[in-house]
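Student: What follows is a single structure, and I will ask about it in a moment.
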């Protein structure tokens with residue numbers, strides 16, 4: 001079809017129809033040839049066009065270097081090319097997002113593939129059993145004494161003793177845990193020996209005494225009494241002194257409640273217990289008989305089998321979790337410790353749930369951790385689950401956060417009392433308040449050891465009691481659960497019985513009496529002087545890397561293991577006295593007690609705050625009082641030599657340097673105040689009484705309304721929270737402490753655990769409830785993501801880390 005031409009437009013040039021019709025360029029060779037004449041059709045031969053010149057690149061082959069692998073089988077890297085800079089993959093935020101998105105996309109694709117395979121099986125007519133989606137989700141909550149583990153679809157978890165027994169002669173076996181009460185007995189025996197040596201030698205034995213604690217301060221220095229190391233004839237056992245304090249407090253409580261008691265019953269109880277004889281139970285009439293574990297040369301035993309090993313078997317039982325942290329006290333290597341933890345979990349999964357190691361990649365893990373703890377514990381356990389054991393993914397949650405899900409509460413003050421440690425945390429509208437967390441280094445085991453100490457002073461009939469033996473400890477722990485209470489009206493001569501199991505022989509039954517020992521033992525939660533924290537701490541055999549190391553820094557900082565506001569509120573008695581405000585032209589000096597001559601003459605243990613002022617200045621008020629108030633403290637009369645006013649405080653903390661605050665140009669500079677480190681604050685706050693810790697946690701709730709909400713919803717969880725009378729005792733002591741902190745709260749409410757649920761399982765059950773929420777899908781950390789970015793995944797997933 002021809003295109004119509006417009007008028008006035010130039011004619012389009014005619015295009016050549018054939019390739020041969022295209023005029024070729026005329027060269028010099030063609031110019032000499034004659035021009036063809038018209039005639040018969042003779043087609044000329046095609047003239048070849050020369051191809052363009054191309055460069056030939058000769059690829060040089062590299063010379064083979066031989067002999068690099070002559071003396072080693074390892075890879076020998078070449079020289080580093082400094083012209084090529086190192087990459088920044090996984091070092092910047094944009095790269096980490098790429099690795100995370102790849103992991104998430106891989107997980108979604110796996111779910112799509114699984115669903116397609118399921119639909120294909122249905123289309124082929126194959127019958128597929130319906131499986132609860134929570135069947136492949138494990139909830140693991142390790143504790144100091146027991147390990148709670150189970151599927152999220154189960155109603156109750158499986159509870160296994162979190163211990164492992166290995167032969168005593170095994171290499172790198174580790175250290176034996178300290179026996180409760182052994183340190184106090186050793187120090188008392190040492191004091192008696194020094195007293196006897198001083199009596200024999202007429203008081204000249206001080207130069208020949210051998211110090212047991214290695215610091216040259218003798219027995220009293222370990223208890224913080226005196227530093228001279230001398231023991232006089234009036235030396236009193238600190239344990240007896242602390243028991244006297246508890247008994248005096250109980251006596252005042254009974255007088256306050258108008259309960260009449262006969263204090264001579266204590267002497268009668270001791271006389272009765274001294275005459276008790278055991279009764280042998282026949283084998284056919286023994287309800288407490290157990291099946292002892294038969295040794296067959298295995299390298300280890302875990303759980304109940306480890307606790308039922310005979311004494312002659314030659315095994316030592318140890319617990320890898322100490323105060324909800326990795327037990328670095330009884331192990332000599334971090335790898336051995338983590339191997340034992342993995343062994344306990346693997347054997348528990350195999351025996352209790354029937355899950356083998358080949359099925360681990362199918363399962364997800366919800367890991368329950370303490371509210372306040374060590375980041376190294378979280379990192380190492382996460383790496384253990386994902387890398388060593390090979391689980392599919394993991395989600396990490398705190399105990400208090402899980403507890404409110406189980407109790408069905410949005411706000412609560414969660415008090416978790418375990419076997420070796422306790423914690424107090426306030427959860428506000430589903431969000432854990434990080435400043436209200438406080439950890440306490442005592443629990444139900446301290447009540448057990450205190451009960452043993454009290455009963456032995458009341459002629460306990462079982463003279464062969466040894467807490468280093470596993471069965472003796474279990475027997476006394478069961479006896480504690482049976483007789484200990486905080487109900488003061490039960491102070492009376494009460495009969496009790498217990499049974500001593502024998503590996504060879506018949507079970508022995510003892511019947512004894514108690515007067516107030518079962519109540520005094522429970523009072524150690526509220527007066528911790530009877531607890532020997534130095535004995536429990538021991539000496540660490542090794543040390544994990546952590547942010548607490550002074551010479552190691554970490555870019556990922558976190559408040560998970562730092563001191564909180566509640567901890568600082570519990571150690572205010574250790575801080576120095578507040579420096580009074582300095583007026584214009586005044587100079588304030590904090591004089592060190594050891595260097596002040598006036599202080600040495602008066603009282604060396606008191607801190608002196610010396611304020612030097614001119615005669616024209618106004619009286620210096622005490623901090624916390626208004627200056628224009630009628631109750632303000634006026635300055636004493638000036639001395640004739642130096643016009644000065646002296647304020648004396650009795651705070652126990654001693655300043656290390658003399659600091660001067662001078663007013664310059666009307667703006668006074670505040671003197672430097674000695675501060676406690678985070679480790680000191682955490683260590684000292686962990687010794688606070690339980691009621692003081694709860695009051696400090698509630699005071700950090702924020703507003704007064706939130707404090708009232710926390711006081712009216714105190715949730716007691718943990719195995720040791722089942723102590724009889726504990727809730728009523730806390731409710732009675734807490735209001736006065738809250739009023740001292742400025743919260744006019746007259747009543748507090750103690751919330752019991754959900755019905756028919758053991759308080760030990762509250763946190764585990766809450767974690768299993770959380771598995772039904774859609775929000776949990778954003779908290780999973782997959783194995784490939786952990787292998788790519790490590791602990792950074794914890795930092796990005798959770799606010800508390």
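Student: All but one of (1) closer than 21 Å to residue 765 by Cα; (2) touching a helix residue (DSSP H, G or I) at 6+ places or on another chain (Cβ under 7 Å) hold for residue 326, so report the exception by its number.
Tutor: Of (1) closer than 21 Å to residue 765 by Cα; (2) touching a helix residue (DSSP H, G or I) at 6+ places or on another chain (Cβ under 7 Å), only one is false for residue 326: (1).
Student: Right, next: Could you please tell me which pairs satisfy a Cβ distance under 9 Å, a separation of 6+ or placement on different chains, a first residue in segment 455-470 that is on the phi > 0 side of the Ramachandran plot, and a second residue that is part of a loop (DSSP other than H, G, I, E, B) and surrounded by 14 or more Cβ atoms within 10 Å (Cβ to Cβ)?
Tutor: 459/276
Student: Also, quick follow-up: With the condition kept exactly as written, say whether any residue in segment 469-486 is assigned by TED's automatic domain parsing to the domain that holds residue 533 and in a strand (DSSP E or B).
Tutor: Pass one, segment 469-486, residues assigned by TED's automatic domain parsing to the domain that holds residue 533: 469-486.
After this cut, where a residue has to be in a strand (DSSP E or B) as well, the list is 485.
The answer is yes, given that some residue of segment 469-486 is assigned by TED's automatic domain parsing to the domain that holds residue 533 and in a strand (DSSP E or B).
Student: Those residues that are assigned to a loop (DSSP other than H, G, I, E, B) and more than 23 Å from residue 440 (Cα to Cα), I need them from segment 298-330; list them, please.
Tutor: Passing the criteria: 298, 299, 300, 308, 309, 310, 314.
Student: In segment 432-466, what count of residues is obtained for those that are outside any loop (DSSP other than H, G, I, E, B) and within 25 Å of the chain's Cα centre (by Cα)? Walk me through it before giving the result.
Tutor: If we filter segment 432-466 for residues that are outside any loop (DSSP other than H, G, I, E, B), which is where we start, we get 432, 434-436, 438-440, 444-456.
Next cut, within 25 Å of the chain's Cα centre (by Cα) only: 432, 434-436, 438-440, 444-450.
Selection size over segment 432-466: 14.
Student: Anything in segment 704-725 that is touching a helix residue (DSSP H, G or I) at 6+ places or on another chain (Cβ under 8 Å) and either without any contact (Cβ under 8 Å) to a residue 60 or more places away in the chain or part of a helix (DSSP H, G or I) (or both)? List them, or say none.
Tutor: Hits for segment 704-725 are 707, 710, 711, 719, 720, 721, 722.
Student: For segment 321-340, which positions are under 23 Å from residue 718 (Cα atoms), touching a residue at least 60 places away in the same chain (Cβ under 8 Å) and out of contact with any strand residue (DSSP E or B) (no Cβ under 7 Å at 6 or more places or on another chain)?
Tutor: First, pick out the residues of segment 321-340 that are under 23 Å from residue 718 (Cα atoms): 321-327.
Now narrow it down to the ones that are touching a residue at least 60 places away in the same chain (Cβ under 8 Å): 321-324, 326.
Result: 322, 323, 324, 326.
Student: Oh, and also: If you scan segment 770-788, which residues turn out to be under 23 Å from the mean Cα position of the chain (by Cα) and assigned to a helix (DSSP H, G or I)?
Tutor: 770, 776, 786
Student: If I ask for residues that are closer than 18 Å to residue 474 by Cβ and in contact with a strand residue (DSSP E or B) (Cβ under 6 Å, 6 or more places away or on another chain), which ones from segment 501-511 would you list?
Tutor: 507, 508, 509, 510
Student: Any chance segment 751-758 includes a residue that's crowded, with 21+ Cβ neighbours inside 10 Å, more than 26 Å from residue 148 (Cα to Cα), in contact (Cβ under 8 Å) with a residue 24 or more places away in the chain and touching a strand residue (DSSP E or B) at 6+ places or on another chain (Cβ under 7 Å)? Give the steps one after another, and end with the answer.
Tutor: The first filter runs over segment 751-758 and keeps only residues crowded, with 21+ Cβ neighbours inside 10 Å, leaving 753.
Checking which are more than 26 Å from residue 148 (Cα to Cα) leaves us with none.
No; the residues of segment 751-758 include none that is crowded, with 21+ Cβ neighbours inside 10 Å, more than 26 Å from residue 148 (Cα to Cα), in contact (Cβ under 8 Å) with a residue 24 or more places away in the chain and touching a strand residue (DSSP E or B) at 6+ places or on another chain (Cβ under 7 Å).
Student: Pick from segment 332-355 the residues that are modelled with pLDDT of 90 or more and part of a loop (DSSP other than H, G, I, E, B): which of them is farthest from residue 385 (Cα to Cα)?
Tutor: Per the criteria, the residue is 354.
Student: Right, here's the next one. Answer yes if at least one residue in segment 407-429 is outside the structural domain of residue 140 (by TED's automatic domain parsing), under 24 Å from residue 559 (Cβ atoms), free of Cβ contacts under 8 Å to residues at least 12 places away in the same chain and assigned to a strand (DSSP E or B), and no otherwise.
Tutor: No: zero hits.
Table: residues versus (1) out of contact with any helix residue (DSSP H, G or I) (no Cβ under 8 Å at 6 or more places or on another chain); (2) within 17 Å of residue 381 (Cβ to Cβ); (3) part of a loop (DSSP other than H, G, I, E, B).
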site	(1), (2), (3)
121	yes, no, no
130	yes, no, yes
135	yes, no, no
150	no, no, no
175	yes, no, yes
179	yes, no, yes
185	yes, no, no
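Student: May I ask you to say which residue of 284, 272 is out of contact with any helix residue (DSSP H, G or I) (no Cβ under 9 Å at 6 or more places or on another chain), without any contact (Cβ under 8 Å) to a residue 12 or more places away in the chain and in a helix (DSSP H, G or I)? Step through it out loud before you land on a result.
Tutor: Numbers: 272 fails: without any contact (Cβ under 8 Å) to a residue 12 or more places away in the chain.
Exactly one residue qualifies, and that residue is 284.
The values are calculated or read from the model by the stated rules, or taken from the named source; none is laboratory data. These numbers come from a predicted model, not from an experiment. Don't worry about glycine lacking a Cβ; one is built from the backbone with ideal geometry, like all the others, and counts go over all protein chains shown.
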